[in-house]
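Single-structure report; data block below.
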Amino acid sequence: AKIAYYLQSNKCKPMLAACDTFRSGAVEQLSVHASCLGLPLFHQGYAKDPSAVAKAAIAKAAADGNDVVLVDTAGRMQNNLPLMKALAKLVTETKPDLVLFVCEALVGTDGLDQLTMFQKALSSGGHLRPIDGIVLTKFDTVSDKVGAALTLTHLTGVPIAFCGTGQKYNHLKPLSVPYVISSLFS
């Protein structure tokens, strides 16, 4: 929802696509955000193929004049093979312009394991390019501990696109390199 708000604030016309057909309440949660932001939401309920839902959402967005489709997928634990395969299928079949990995800033080195498995799942599914960026959530709670940010980017070469800095829609910021450096040396 924060990325949708960011895009909307930058004159894009996003549509949200509820492709978490696994977690109970996921569609309703995304629906609340879509309603708050005045954005269209595409969904087909639960127990559906997320890839098919995403493809249908992209077609609907094109027909309705939306220029961005934000595909919300089920959270992926790196050890949940069926969910990782479903994600790889979705990315391979829909060929998105941008793939972002969302990770909590608090997870430390576990974030690197998650990102590595995420990349492996995508490549094993036929998606040959690496992910495009990382969104670090809960960045405001890590104080001066910026280890996850440094570790994830240094070891993978994947840039941090945004940092979540609070609960409100406008609490999504580009990573501030000067802030990270000053945090390290303070």
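Pairs are defined by a Cβ separation below 6 Å, a sequence spacing of at least 6 or placement on different chains, a first member in segment 17-34 that is without any contact (Cβ under 8 Å) to a residue 24 or more places away in the chain, and a second member that is open to solvent by 60 Å² or more (accessible area, probe 1.4 Å) and not basic (Lys, Arg); the pairs so defined are VAL27/HIS43. With respect to the conditions (1) over 24 Å from SER123 (Cβ atoms); (2) touching a strand residue (DSSP E or B) at 6+ places or on another chain (Cβ under 7 Å); (3) surrounded by fewer than 20 Cβ atoms within 10 Å (Cβ to Cβ); (4) aliphatic (A, V, I, L, M), ALA63 lacks only one, and its number is (2). Checked against (1) of a type outside the set (Ser, Thr, Tyr); (2) part of a loop (DSSP other than H, G, I, E, B); (3) closer than 23 Å to CYS12 by Cβ, GLY75 passes all but condition (3).
Considering (1) open to solvent by 30 Å² or more (accessible area, probe 1.4 Å); (2) modelled with pLDDT under 85; (3) under 17 Å from the mean Cα position of the chain (by Cα); (4) over 24 Å from VAL27 (Cβ atoms), the lone condition that LEU152 does not fulfil carries the number (1). In segment 78-87, of all residues being at pLDDT 80 or above and open to solvent by 40 Å² or more (accessible area, probe 1.4 Å), the one that is farthest from the chain's Cα centre (by Cα) corresponds to PRO82.
Looking at LEU112, LEU90, LEU122, which one is in contact (Cβ under 8 Å) with a residue 60 or more places away in the chain, assigned to a helix (DSSP H, G or I), out of contact with any Asp or Glu (no Cβ under 8 Å at 6 or more places or on another chain) and open to solvent by less than 40 Å² (accessible area, probe 1.4 Å)? First the steps, then the outcome.
Details: LEU112 fails: in contact (Cβ under 8 Å) with a residue 60 or more places away in the chain; LEU122 fails: in contact (Cβ under 8 Å) with a residue 60 or more places away in the chain.
Checking each option against the conditions leaves just LEU90.
Among the residues here, VAL102 does not qualify as touching a strand residue (DSSP E or B) at 6+ places or on another chain (Cβ under 8 Å), of a type in the set (Val, Ile, Thr), open to solvent by 30 Å² or more (accessible area, probe 1.4 Å) and in contact (Cβ under 8 Å) with a residue 60 or more places away in the chain.
The values are calculated or read from the model by the stated rules, or taken from the named source; none is laboratory data. Everything numeric in this text was worked out from a predicted model, so none of it was measured. Don't worry about glycine lacking a Cβ; one is built from the backbone with ideal geometry, like all the others, and counts go over all protein chains shown. Remember, those area values only see protein heavy atoms, side chains included, never the ligands or the DNA or RNA. Shrake-Rupley method; radii C 1.70, N 1.55, O 1.52, S 1.80 Å.
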